[in-house]
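Undergrad: This is the structure I have questions about; it appears just below.
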Amino acid sequence: MRAQPAASHFVDGAFREDTAGPVIRSVYPADGSVIAEIHGATPAVLDAALSAAVRAQPDWAARRPVERGRVLLRAAEILRARNAELAELETLDTGKPIAETLVADAASGAEALEYFGGIAAAITGQTIPLGNDFAYTLREPFGVCAGIGAWNYPIQIACWKAAPALACGNALVFKPSELTPLSALALAEALAQAGLPAGLFSVVQGDGAVGAALVGDPRVAKVSLTGSVATGRKVYTTTAEGLRPATMELGGKSPLIVFDDADLEDAVSGAILGNFYSAGQICSNGTRVFVQDGIREAFLARLKARAEAIRLGDPLDPATQMGPLASAAQTERVLGFIERARAAGARLVTGGTRRGSEGCFVSPTVFADVTDAMEIAQEEVFGPVMAVLGFSCETEVIARANASPYGLAAGVFTRDLARAHRVVARLQAGTCWINSYNITPVEMPFGGVKASGLGRENGWAAVEHWTRVKSVHVGLGSVDAPY
Ligand code: NDP
C-alpha cells in the first residue's frame with residue numbers, strides 16, 4: 001500500500017493503533033487501488049485523546065502566547081519542507097491533481113500556521129475606563145475543542161482549525177473524513193516535531209458515529225465542523241443541547257453574477273475557477289452562474305471552448321488539470337444530478353459524461369437555459385457541473401441570487417465598481433468576490449450565512465470564535481453598599 005501511515009491515530013503525542021476498531025480503506029480514486037488500511041477509533045482511543053487534551057491544555061494556555069506562536073511557525077516550516085511529499089499524499093487520498101495539491105493544500109495549511117502563529121502574541125483583551133474604577137477583558141481559550149473535517153481539502157481544513165485553536169490556547173481533537181484520513185496524521189506529526197506538547201493536537205479516525213461521539217462528549221467545550229448541511233444540523237443540535245459554541249462551515253449553492261459590461265475572459269476564468277477547480281468539490285463554488293442577456297451566448301461559447309480544453313487524467317502527472325472525484329459514491333451522485341438536469345430540460349453545452357473506463361472521472365459539464373426551479377439550480381452537486389442562468393436586470397438578479405436557503409459565497413463580475421459594491425451589499429452571503437472568485441487568503445475571514453453556516457474561519461474573526469471573553473471589574477474606591 002502506497003501511503004500506509006505508521007498507525008491509524010495520533011494520540012497524546014504519538015502514533016497509536018487499536019485494531020479493534022473497524023477497518024477503513026483509503027482508496028485512490030484515479031484507479032480504485034487501496035493506498036492505506038486503517039482502523040476507526042474505539043471508545044478507548046477517543047477517551048485517550050480527550051483525556052490527554054484535558055491534561056495538557058491548562059499548561060499550554062498558561063504559556064506566553066509568543067511561545068505558542070513559535071511552535072506554530074516551526075510547524076509551518078516543516079509543512080513547507082515536506083510540501084512535495086504531502087502534495088503526493090493528498091493527491092493519492094483525494095484524487096486532486098498534483099498541480100493543485102502542490103500549491104493549495106499543505107501550502108495553504110502552512111499559511112494558516114504562519115498567520116495564527118504570527119498573531120498569537122497579539123491576542124489581547126481591552127481595558128475599559130469607568131471613571132474612578134475600570135474594567136478589563138481577558139480573551140480565554142475554551143479548553144478542549146473538537147474539529148471535524150470534510151474530504152475535499154483534508155490538510156487545509158485540519159490546519160484552518162488547528163492553527164487558530166492552538167494559537168488561542170486550546171487543545172484540539174480532530175476527526176478527518178473517513179474518505180481522506182491520512183494528511184491530518186502528517187500534520188499531527190509536524191506539530192509534534194515543532195515542539196507542540198503531547199495531547200494538544202490528536203487525530204482520531206472514524207465515521208460519523210465517531211464524530212458524533214466526539215461532539216457529544218461533555219469534555220468538549222467547542223466544536224468546529226466542515227461538512228454538509230445535514231451533518232451540520234445534527235452536530236449543531238448536539239452542541240445546542242449542551243449550550244456549547246460551534247462553528248459550522250457547511251455547503252452552498254452560491255451565485256456568480258456576470259453583468260454585460262464584465263471583462264468576458266475574466267468572467268469565464270472566474271466561472272471556471274469557481275466550478276472546476278478540485279473537480280468542483282469546493283463548498284464555496286459559484287454553481288449558479290447568472291449571465292446577463294447581452295453577453296450570454298458569447299460567454300457560453302468561450303466557456304465551452306475553455307472547458308473542453310481542460311486536461312483530465314492521471315492526477316500525479318504535473319500536466320493534468322482535473323482529476324477524478326473523491327469517491328465512487330460521489331461520482332454516481334454527480335452523474336445522477338446530470339441525468340436529472342437533462343431530463344428537466346436544461347441544455348447540455350458540454351460534458352455530462354463519465355470519462356474513461358476506470359476511476360471516478362467526470363467531464364467538466366456546463367448546462368445552459370437553467371431555471372431557478374430546477375434541481376441543478378437548487379441543490380449542491382459537489383462536482384464539475386456548472387448551471388448557467390439568464391437575467392436581464394440588477395434588481396431581478398439580486399432577488400434570484402438570494403432566493404436560496406444557502407448563503408456561503410457570491411461573486412460579481414462587472415467593470416462598474418459602484419454597481420459591484422451596491423450588489424455585494426445586498427447579497428445574502430458570508431464571503432463575496434468582486435471580479436475574482438474562490439480566492440480564500442488566510443488573512444480574510446471565511447464562512448457562510450443562512451444554512452451555509454455559523455462563525456468564521458481565518459482572519460482575526462477566527463480568534464473571536466476560538467476564545468471567549470471574560471470581563472473583570474476592578475473597584476478602586478470604597479464599596480458603596482445601600483444596606
Ligand atoms: P459530511 O457532512 O458527510 O461529513 C463531514 C464530516 O462530518 C466527516 O468527517 C463525517 O464523517 C462527519 N460526520 C458525519 N456525520 C456526523 C455526525 N452525526 N456527527 C459528527 N460528525 C459527523 O460532508 P462531506 O465529507 O461529504 O463533505 C462535503 C460537504 O462539506 C459539502 O456539503 C461541502 O459543501 C461541505 N464543505 C464545506 C466547506 C466550508 O468551508 N463551508 C468546505 C468543504 C466542504 P465521515 O464522512 O467520515 O463518515
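The values are calculated or read from the model by the stated rules, or taken from the named source; none is laboratory data. As the structure is a prediction and not an experimental result, all values here were calculated from the model. Please note: Cβ atoms are built from the backbone with ideal geometry, for glycine as well, and neighbour counts cover all protein chains shown.
Undergrad: Name every residue in the range 179-199 that is more than 15 Å from the ligand (Cβ to nearest atom), closer than 18 Å to Ile78 by Cα and in a loop (DSSP other than H, G, I, E, B), in order of residue number.
TA: Ala194, Gly195, Leu196, Pro197, Ala198
Undergrad: If you don't mind, there's one more thing I want to ask. Exactly one of these conditions fails for Glu380: (1) surrounded by fewer than 23 Cβ atoms within 10 Å (Cβ to Cβ); (2) part of a helix (DSSP H, G or I); (3) in contact (Cβ under 8 Å) with a residue 60 or more places away in the chain. Give me its number.
TA: Status for Glu380: all satisfied but (2).
Undergrad: Could I ask something else about it? So which of Ala420, Ala409, Ala387 is among the aliphatic types (A, V, I, L, M) and free of Cβ contacts under 8 Å to residues at least 60 places away in the same chain?
TA: The conditions single out Ala420.
Undergrad: Now a separate question. Looking at the range 113-172 only, could you name the residues that are of a type in the set (Lys, Arg) and within 16 Å of the ligand (Cβ to nearest atom)?
TA: Taking the range 113-172 first, the residues of a type in the set (Lys, Arg) are 139, 161.
Answer for the range 113-172, where residues must be of a type in the set (Lys, Arg) and within 16 Å of the ligand (Cβ to nearest atom): just Lys161.
Undergrad: Taking the range 50-78, which residues are among the charged types (D, E, K, R) and farther than 12 Å from Asp12 by Cα?
TA: Looking only at the range 50-78, we keep the residues that are among the charged types (D, E, K, R), and these are 55, 59, 63-64, 67-68, 70, 74, 77.
Matches in the range 50-78: Asp59, Arg63, Arg64, Glu67, Arg68, Arg70, Arg74, Glu77.
Undergrad: With farther than 21 Å from Leu102 by Cα and over 20 Å from the mean Cα position of the chain (by Cα) as the only criterion, which of Ala146, Ala135 stands out? Spell out how you get there, then give the answer.
TA: On the way: Ala146 fails: over 20 Å from the mean Cα position of the chain (by Cα).
Result: Ala135 is the single residue among Ala146, Ala135 that is farther than 21 Å from Leu102 by Cα and over 20 Å from the mean Cα position of the chain (by Cα).
Undergrad: Does Arg415 satisfy the criteria of being touching a residue at least 40 places away in the same chain (Cβ under 8 Å) and in a helix (DSSP H, G or I)?
TA: On the way: touching a residue at least 40 places away in the same chain (Cβ under 8 Å): yes; in a helix (DSSP H, G or I): no.
Spelling it out, it is not the case that Arg415 is touching a residue at least 40 places away in the same chain (Cβ under 8 Å) and in a helix (DSSP H, G or I).
Undergrad: A further question follows. Scanning for something closer than 20 Å to Leu86 by Cα, modelled with pLDDT of 95 or more and surrounded by fewer than 24 Cβ atoms within 10 Å (Cβ to Cβ), does the range 116-132 turn up at least one residue? Show your work before the answer.
TA: The first filter runs over the range 116-132 and keeps only residues closer than 20 Å to Leu86 by Cα, leaving none.
Looking through the range 116-132, none of the residues is closer than 20 Å to Leu86 by Cα, modelled with pLDDT of 95 or more and surrounded by fewer than 24 Cβ atoms within 10 Å (Cβ to Cβ).
Undergrad: Follow-up question, since we're still on this one. Examine the range 200-223 for a residue that is under 15 Å from the mean Cα position of the chain (by Cα), closer than 28 Å to Ala121 by Cα and within 10 Å of the ligand (Cβ to nearest atom), and state whether such a residue exists. Outline the logic, then answer.
TA: Our first condition is that a residue be under 15 Å from the mean Cα position of the chain (by Cα); within the range 200-223, this holds for 223.
Pick out the ones that are also closer than 28 Å to Ala121 by Cα and you get 223.
Then keep just the ones that are within 10 Å of the ligand (Cβ to nearest atom); that gives 223.
Yes, the range 200-223 contains a residue that is under 15 Å from the mean Cα position of the chain (by Cα), closer than 28 Å to Ala121 by Cα and within 10 Å of the ligand (Cβ to nearest atom).
Undergrad: Name the single residue, out of those in the range 241-258 being more than 23 Å from Pro445 (Cβ to Cβ) and either in contact with a helix residue (DSSP H, G or I) (Cβ under 7 Å, 6 or more places away or on another chain) or free of Cβ contacts under 8 Å to residues at least 12 places away in the same chain (or both), that is surrounded by the most Cβ atoms within 10 Å (Cβ to Cβ). Give the steps one after another, and end with the answer.
TA: First, pick out the residues of the range 241-258 that are more than 23 Å from Pro445 (Cβ to Cβ): 241-243, 258.
Checking the rest, the ones that are also either in contact with a helix residue (DSSP H, G or I) (Cβ under 7 Å, 6 or more places away or on another chain) or free of Cβ contacts under 8 Å to residues at least 12 places away in the same chain (or both) come to 241, 243, 258.
Details: Glu241: 9, Leu243: 6, Val258: 28.
If we take residues in the range 241-258 being more than 23 Å from Pro445 (Cβ to Cβ) and either in contact with a helix residue (DSSP H, G or I) (Cβ under 7 Å, 6 or more places away or on another chain) or free of Cβ contacts under 8 Å to residues at least 12 places away in the same chain (or both), then Val258 is surrounded by the most Cβ atoms within 10 Å (Cβ to Cβ).
Undergrad: Restricting to the range 20-49, count the residues that are farther than 11 Å from His9 by Cβ and in a helix (DSSP H, G or I).
TA: Summing the residues that are farther than 11 Å from His9 by Cβ and in a helix (DSSP H, G or I) in the range 20-49 gives 2.
Undergrad: Here's something else I'd like to know. Of all residues in the range 14-46, which are surrounded by 17 or more Cβ atoms within 10 Å (Cβ to Cβ) and over 25 Å from the mean Cα position of the chain (by Cα)?
TA: Residues satisfying the conditions are Arg16, Asp18, Gly21, Thr42, Val45.
Undergrad: Looking at the range 441-453, which of its residues are more than 9 Å from the ligand (Cβ to nearest atom) and assigned to a loop (DSSP other than H, G, I, E, B)?
TA: Of all residues in the range 441-453, those more than 9 Å from the ligand (Cβ to nearest atom) come to 441-445, 449-451.
Within the range 441-453, Pro441, Val442, Glu443, Met444, Pro445, Val449 qualify.
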